[in-house]
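Here the structure is laid out as structure tokens; the discussion comes afterwards.
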Amino acid sequence: MHPFRVQSSLRVVMALLAALVFTGVARAQEAPDALVKRVSEDVLQIVKSDPKIQAGDRDRIREVLESKLAPHFDFERMTALAVGRGWRQATPEQQKQLVEQFKTLLVRTYSNAFVQYRNETISYKPFRADPGATDVTVRTEIVRPGQSPVQIDYTLGKKGNEWKAYDVIVGGVSLVTNYRDEFNAQIQSGGIDGLIKSLAAKNAGPPPAPPAK
Amino acid sequence: MMQRALLRMLFVVALAALGGGCATVPPQGATSKDDPFEPWNRAMYDVHQVVDGHFFKPIAQAYVAATPQPIQTGIHNFFQNLDDVVSIVNDWLQWDLNRAGNDMGRVMINSFFGLGGIIDIASEAGIERGDQDFGLTFGKWGIPQGPYLFIPVIGPSTVRDGTGLIARAYASPLSYVVVDVPTRNILYGIGFINYRAQALDAEKLVDQAAIDPYTFIRRAYLQRRAYLVRDGKPAPPDEEE
């Protein structure tokens with residue numbers, strides 16, 4: 001091989017490596033609002049351009065959400081908050097299962113929501129937080145042509161070097177809070193295992209048909 | 001004949017309510033301090049499922065399937081314009097001059113240039129809907145929400161918001177403008193189908209998301225209303241216990 005070619009490809013590899021390292025560093029220090037914006041735009045871009053998703057392929061949507069969105073969520077914290085008092089009574093194994101089932105449920109729900117809403121744009125509200133803050137809310141708004149906008153707020157916590165979301169508040173409705181009554185009731189009637197079981201049953205079935213046909 | 005059919009339906013409904021909990025496994029007693037009448041509400045929820053599932057939901061689905069989108073939008077806008085009139089009353093009661101101005105502007109623009117409200121020109125021009133109702137007005141006056149209520153056909157509510165609905169029935173512009181009773185009733189009917197159709201998508205989401213739709217809808221409703229009473233300001237830290 002021509003020495004020049006080797007050198008140039010080496011240079012490309014080096015540049016790529018450098019880019020990787022730098023983006024890695026940049027991400028570690030990425031501000032929460034920048035993170036929300038980047039991830040949202042990323043996902044929206046894919047949803048709008050992927051032909052499979054445009055055709056309504058839910059598995060593909062789920063795949064995208066799993067790989068692009070899920071890593072930025074702290075599912076353990078979400079689950080602990082939704083389970084409430086019962087969380088500390090659960091064994092580590094039960095906790096693990098709860099997180100797993102809750103995550104599956106949320107991703108499934110979210111991907112079905114994506115089948116319905118596609119022609120939307122997101123506007124990002126001005127963000128301010130103390131530099132030392134470890135708990136912040138990033139406010140966004142979904143704008144749909146000819147309809148009232150929907151507020152979507154993300155609550156994020158600092159986990160190590162990264163920001164991770166642990167609640168989504170849609171039009172004032174906190175996702176985590178919304179599951180709290182339900183989880184409490186399940187634990188009261190069937191214990192932690194009862195809750196795990198109903199979550200698993202819910203996840204195993206197809207999206208349920210409406211009752212009373 | 002019609003009456004007998006109705007009676008039979010009521011009988012089925014009553015049976016379903018008595019047999020209650022076939023569909024869901026309701027936990028004993030109240031699962032939230034906001035819902036002291038939970039056993040009653042759950043029965044009403046089951047009644048709603050039967051009446052709605054056999055009657056209103058299929059009609060709403062058929063309406064959505066058979067009506068071209070532009071016509072649906074036109075009908076929706078028409079009824080939203082009427083809601084905006086009710087919103088004006090509430091803006092004034094809340095002494096929210098900003099919203100009152102917006103809503104009055106909306107109704108004038110949409111009624112005159114939007115062909116009686118069928119085209120929502122005001123929204124296109126960026127005039128936001130105030131979307132205020134009597135329940136919100138009472139809430140802003142400091143009246144607490146009171147116990148949660150599930151009202152068959154209407155849906156989730158509270159004692160405060162339910163009272164607001166009664167006030168709303170008196171404030172409805174249709175009852176003043178449309179003198180001919182049959183025409184008015186037809187308009188009410190279309191308005192209700194439009195209202196029911198709006199909920200179809202959200203309903204799918206609840207079916208997907210909730211283990212027990214009753215608790216899920218309850219918490220979502222109460223959170224949403226509290227948020228609207230606060231005018232979208234952040235919640236006071238941890239209002240749940």
What is the one condition in (1) under 26 Å from B:ILE151 (Cα atoms); (2) within 13 Å of chain A (Cβ to nearest Cβ) that B:ALA125 does not satisfy?
(1)
Considering each of B:GLY164, B:GLY189, B:GLY139, B:GLY232 in turn, give the residue that is out of contact with any Phe, Trp or Tyr (no Cβ under 6 Å at 6 or more places or on another chain), farther than 30 Å from A:GLN186 by Cβ and buried (at least 20 other Cβ atoms within 10 Å of the Cβ).
B:GLY139
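Yes/no matrix, rows are residues, columns are (1) in a helix (DSSP H, G or I); (2) among the hydrophobic types (A, V, I, L, M, F, W, C):
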residue	(1), (2)
B:VAL89	yes, yes
B:ARG106	yes, no
B:GLY114	no, no
B:GLY117	no, no
B:ILE127	no, yes
From B:ALA167, B:ALA220, residue being part of a helix (DSSP H, G or I), touching a helix residue (DSSP H, G or I) at 6+ places or on another chain (Cβ under 6 Å) and farther than 26 Å from A:ARG139 by Cβ:
B:ALA167
Count, please, the residues in region A:102-119 that happen to be more than 11 Å from chain B (Cβ to nearest Cβ) and free of Cβ contacts under 8 Å to residues at least 40 places away in the same chain.
2
Within region B:128-161, can you find the residues that are within 12 Å of chain A (Cβ to nearest Cβ) and either at pLDDT below 95 or farther than 23 Å from B:PRO36 by Cα (or both)?
B:GLU128, B:ARG129, B:GLY130, B:ASP131
Result of the Cβ filter at 7 Å on region B:225-240, keeping first residues that are more than 10 Å from chain A (Cβ to nearest Cβ) and partners that are surrounded by 10 or more Cβ atoms within 10 Å (Cβ to Cβ) and modelled with pLDDT of 90 or more, at least 6 apart or interchain, is none
Within region B:49-82, the residues that are within 10 Å of another protein chain (Cβ to nearest Cβ) and either touching an Asp or Glu at 6+ places or on another chain (Cβ under 7 Å) or under 30 Å from B:TYR148 (Cβ atoms) (or both) are B:GLN49, B:VAL50, B:VAL51, B:ASP52, B:GLY53, B:HIS54, B:LYS57, B:PRO58, B:GLN61, B:HIS76, B:ASN77, B:GLN80
Being more than 10 Å from every other protein chain (Cβ to nearest Cβ), part of a helix (DSSP H, G or I) and of a type in the set (Gly, Ala, Ser), is that true of even one residue in region B:192-209?
yes
Filtering region B:78-107 for residues that are hydrophobic (A, V, I, L, M, F, W, C) and closer than 21 Å to B:GLY191 by Cβ leaves a count of 8
Quickly run through region A:108-136 and pick out the residues that are at pLDDT below 90 and of a type in the set (A, V, I, L, M).
A:ALA113, A:VAL115, A:ILE122, A:ALA129, A:ALA133
Region B:94-118: number of residues that are among the hydrophobic types (A, V, I, L, M, F, W, C), in contact (Cβ under 8 Å) with a residue 24 or more places away in the chain and surrounded by fewer than 20 Cβ atoms within 10 Å (Cβ to Cβ):
1
Counting residues that are over 30 Å from B:ILE127 (Cβ atoms), which strands (runs of 3 or more DSSP E) fully inside region A:98-196 reach at least 2?
A:135-143, A:150-159, A:162-170
Checking A:VAL168 against (1) more than 11 Å from chain B (Cβ to nearest Cβ); (2) touching a residue at least 24 places away in the same chain (Cβ under 8 Å); (3) closer than 27 Å to A:LEU195 by Cα, only one condition comes out false. Which one?
(2)
Specify the residue that is surrounded by the fewest Cβ atoms within 10 Å (Cβ to Cβ); the eligible residues are those in region A:61-120 that are under 23 Å from B:LEU200 (Cα atoms) and basic (Lys, Arg).
A:ARG118
Unmet requirement for B:ASP133, which otherwise passes all of (1) among the acidic types (Asp, Glu); (2) touching a Pro at 6+ places or on another chain (Cβ under 9 Å); (3) within 27 Å of B:MET44 (Cα to Cα):
(2)
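The values are calculated or read from the model by the stated rules, or taken from the named source; none is laboratory data. Only a predicted model underlies this, so the values are computations on that prediction, with no experimental measurement involved. Please note: Cβ atoms are built from the backbone with ideal geometry, for glycine as well, and neighbour counts cover all protein chains shown.
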